[in-house]
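The values are calculated or read from the model by the stated rules, or taken from the named source; none is laboratory data. Computed from a predicted structure; not experimentally measured. Note that each Cβ is placed from the backbone with ideal geometry, even for glycine, and that neighbours are counted across all protein chains shown. Calculation scope for accessible area: heavy atoms of the full protein, side chains included, ligands and nucleic acids excluded. Shrake-Rupley method; radii C 1.70, N 1.55, O 1.52, S 1.80 Å.
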Amino acid sequence: MASQIIVDQLKKTGGVLTELTLPSANATVGQYLKNDGAGVLGWVDPPADVSGFHNVKFVTATDTSVDLTSGTTLIVVEVQGAGGSAGGSNSVSYYGGCGGAGGYSLQQLTVVDTDTWNVTIGAGGVDGATRDGGDTIFAQQTGTSLGSTITAGGGAGATDGTSPHTDGGAGGTVTNANTGAFNMTGSDCAAGSHDKGGPDSRWGWGGIKRVAGNGAGGNASGYGAGGGDSSGSSQLGGEGSDGLVVIWEYK
C-alpha cells in the first residue's frame, strides 16, 4: 500500500505565514483551489471568459425600438445611407447619369444593455419615383449613451439623359457630432456615359452600366450603392440600394 500523509492544515516551520486549511469536500471536474485570504482553501470554478465581442445585429428595416443583447457594455455602430437612382435615357446615344452612393458613419459608444435605439432605414432611389436615396438615421430611444443623432444621408439621384453625358448624382453627406466619429461622404457619380456604373459603398456594389447598345441601367446590390446608367429611348436608370445599420456588441 502506498504511503499517505493525512492532514487538515499545512503550516510552515517558522515564519509568520498563515496556516492553510484544506477543504473538507472533493472538487468537481475543472475546479481549482482558492485562498479566501484567511488561509482557508476551497474549490471554485474557473472564471468564465465573457469579455470581448459577443453579438452583431444587422438592421435592414425601420425599427423604433432596437434593443441590445444582455450584458452588452460597448457597441460599434455603422450607419449607411441609401444609394441614389441613375437617370433614365430618352434617346439613342443619350446617357442618364448614375446615382450617388450613400454617406457612411462609424461610431463607438459605451452603453448599458437596457438602451434602445430608433432606427430609420433609407430607401434606395428609384427612377420614375423618388430618385434620391433616403437618409439612414440612428437615434437614442431610451437611455443616454448617444450624445446626438447620427444621420447618414442618401446619395442623390441623377437626371434623365436628355442630352449626352448627363451629370450623375452626388454622394450623401453625414451628420454626426459625437466624439470619435468617423464620417465619410458617399462617392459621387461622374457624368453619365456609356461606361459608367454606379459607385460602390461600404456595404454594397454599384449597379452595372447598360450591358451593350441601348438598355436599362443595372440596379445596385447590397446596401448604400448607386444605380448604373442607362442609354437609349425610354430606358430606366438603375435603382440605388437601401441603407443599413450594423451594431457590433461587446461585453
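Brief remarks on what is shown
- Qualifying residues in region 216-251 (those that are polar (S, T, N, Q) and in a loop (DSSP other than H, G, I, E, B)) - the one least open to solvent (accessible area, probe 1.4 Å): 241
- Taking region 122-136 as the range and being surrounded by 24 or more Cβ atoms within 10 Å (Cβ to Cβ) and part of a loop (DSSP other than H, G, I, E, B) as the test, the residues that pass are 122, 124, 125, 127, 131, 132, 133, 134.
- Within region 10-27, if we keep just the residues that are closer than 17 Å to residue 42 by Cα and open to solvent by 90 Å² or more (accessible area, probe 1.4 Å), the residue that is modelled with the highest pLDDT turns out to be 26.
- Residue within region 49-62 that is of a type in the set (Gly, Ala, Ser), at pLDDT 80 or above and over 29 Å from residue 240 (Cβ atoms) present: yes
- Taking every residue in region 159-181 that is more than 24 Å from residue 108 (Cα to Cα) and open to solvent by 60 Å² or more (accessible area, probe 1.4 Å) and pairing it with any residue that is assigned to a loop (DSSP other than H, G, I, E, B) and modelled with pLDDT under 90, at least 6 positions away or on another chain, the pairs with Cβ-Cβ distances below 6 Å are 159/87; 159/166; 165/191; 165/192; 165/193; 167/97; 167/191.
- Test: residue in region 107-117 that is within 19 Å of residue 200 (Cα to Cα) and either buried (at least 24 other Cβ atoms within 10 Å of the Cβ) or modelled with pLDDT of 95 or more (or both): no
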